[in-house]
Structures are given as C-alpha cells and as structure tokens.
Amino acid sequence: MSYKLYKTYALGANEGSTHKATSKIAFIHSTANVGASAKNNAAYEKRTWSNAYVHFIAGDGVVYQVGQPGYEAWGVGPTGNAMAPVQIEMEETNDAAKFKRIYATTIELLRDMSKKYGIPLTLDTAGNTGIKSHKWAANKWHETDHTDPYGYLSKHGISKTRFAKDIAGGKAKKSSYIK
C-alpha cells in the first residue's frame with residue numbers, strides 16, 4: 001500500500017455500531033467539505049459519530065480510519081449501512097494536482113478493502129454486491145438524498161465510466177491515466 005493508514009480518530013469501545021455488515025458492498029462518498037483535510041474530516045466524524053460516520057477518510061496519500069471495517073457504519077441510511085463492511089469518504093479539493101493524489105489514494109483503498117472483503121470491483125451495478133456510490137444507495141432505498149461522489153469527480157474530469165474503469169483496472173496511480 002502506498003498510502004499511510006492512521007487510526008488516530010478510530011472509534012473506541014462503546015462508540016459506533018456493534019452490528020456486523022451482512023453483504024459485499026463498499027460505499028464511496030465524497031466529503032462535501034472542499035478544502036478540509038482527511039484528518040479534519042476524520043476528527044469531525046470522531047466527535048460526531050452518533051450522527052454519521054464511515055470507516056475511512058481517504059486523502060492526499062493518507063487514510064484515516066474512523067469506523068471498524070466489517071461492522072456497520074452510518075453513512076448511507078439503515079438499509080445500506082447494514083450491508084456494507086466498508087464505507088469510504090474521499091477528501092475534496094479544488095487543487096487539480098492534489099485531486100489526482102487523493103483520487104489515486106481512494107482507488108487504491110477501494111481496491112484493497114474490496115479484496116479483503118471479497119467485494120467485486122464493479123461500480124453501481126445491479127444487485128447488492130460491488131462498489132456503490134452514495135447516489136446509488138439514495139436512488140435504490142430513498143433513505144438519503146445524496147448524489148456523491150459524482151459531482152465532485154466530474155469537477156475534475158472524471159466520469160462515472162472512467163471511475164468504474166479505474167476501480168476495475170487499478171491504474172489511477174499513473175498520472176497519464178487521469179486527464
């Protein structure tokens with residue numbers, strides 16, 4: 001792994017869900033906090049975990065763990081939360097060069113966690129397996145109204161098709177791969 005994993009803001013005993021997730025879904029989000037670092041987002045989720053939290057916040061070569069992978073996190077609504085051993089927030093930035101590094105970290109983390117939990121490297125396909133966007137969950141279960149991460153990705157020239165290819169191929173680290 002080329003990113004550094006920090007557990008500084010990981011939930012402790014008596015924090016977060018004690019329920020194991022039941023399916024093979026990884027949810028991908030974007031933070032909607034442009035300019036706030038992965039560290040700051042993780043600190044915020046640690047402080048406010050009783051409202052919402054995910055397992056990981058992916059940033060610029062760093063990943064912060066918040067929730068315990070394999071257990072529910074509270075990021076997409078009750079139905080999706082119960083099915084996902086992994087939920088990842090991607091740090092948001094307006095800086096194009098930094099975005100490329102955050103994006104590469106996110107792709108690598110998605111692939112690492114998918115391998116660990118037997119999650120197919122597919123994006124927003126039918127059925128309850130694979131990598132799913134927050135938008136997919138909102139459209140399927142109507143428990144939230146979020147559309148992330150697609151607005152953020154499109155600001156940086158990444159279409160849903162390109163995102164799916166990068167997840168499947170794991171080539172986001174190559175600077176020439178991201179336009």
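The values are calculated or read from the model by the stated rules, or taken from the named source; none is laboratory data. This one's a predicted model, so the numbers in the text were calculated from it and none came from an experiment. With ideal geometry, Cβ positions are generated from the backbone for all residues, glycine too; neighbour counts draw on all protein chains shown. Accessible surface areas use protein heavy atoms only, side chains included; no ligands, DNA or RNA. Shrake-Rupley method; radii C 1.70, N 1.55, O 1.52, S 1.80 Å.
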Residue within segment 107-130 that is touching a residue at least 60 places away in the same chain (Cβ under 8 Å) and touching a His at 6+ places or on another chain (Cβ under 6 Å) present: no
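Just one of THR48, THR31, THR18, THR22 is surrounded by fewer than 14 Cβ atoms within 10 Å (Cβ to Cβ) and under 23 Å from ILE167 (Cβ atoms); which is it?
Numbers: THR48 fails: under 23 Å from ILE167 (Cβ atoms); THR31 fails: surrounded by fewer than 14 Cβ atoms within 10 Å (Cβ to Cβ); THR18 fails: under 23 Å from ILE167 (Cβ atoms).
Checking each option against the conditions leaves just THR22.
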Pair list, Cβ < 7 Å and 6+ apart or interchain, from segment 1-15 residues that are of a type in the set (Gly, Ala, Ser) to residues that are assigned to a loop (DSSP other than H, G, I, E, B): ALA10/VAL66
Complete set of residues in segment 51-78 that are of a type in the set (S, T, N, Q), modelled with pLDDT of 95 or more and open to solvent by 50 Å² or more (accessible area, probe 1.4 Å): GLN68
Residue in segment 92-104 that is under 11 Å from the mean Cα position of the chain (by Cα) and touching a residue at least 24 places away in the same chain (Cβ under 8 Å) present: yes
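Table: residues versus (1) closer than 24 Å to ASN139 by Cα; (2) part of a loop (DSSP other than H, G, I, E, B).
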| site | (1), (2) |
| --- | --- |
| ASN33 | yes, yes |
| ASN81 | yes, no |
| GLU89 | yes, no |
| ASN94 | no, yes |
| LYS98 | no, no |
| ILE102 | no, no |
| LEU110 | yes, no |
| LYS115 | no, no |
Segment 106-118: number of residues that are open to solvent by 10 Å² or more (accessible area, probe 1.4 Å) and not charged (D, E, K, R): 3
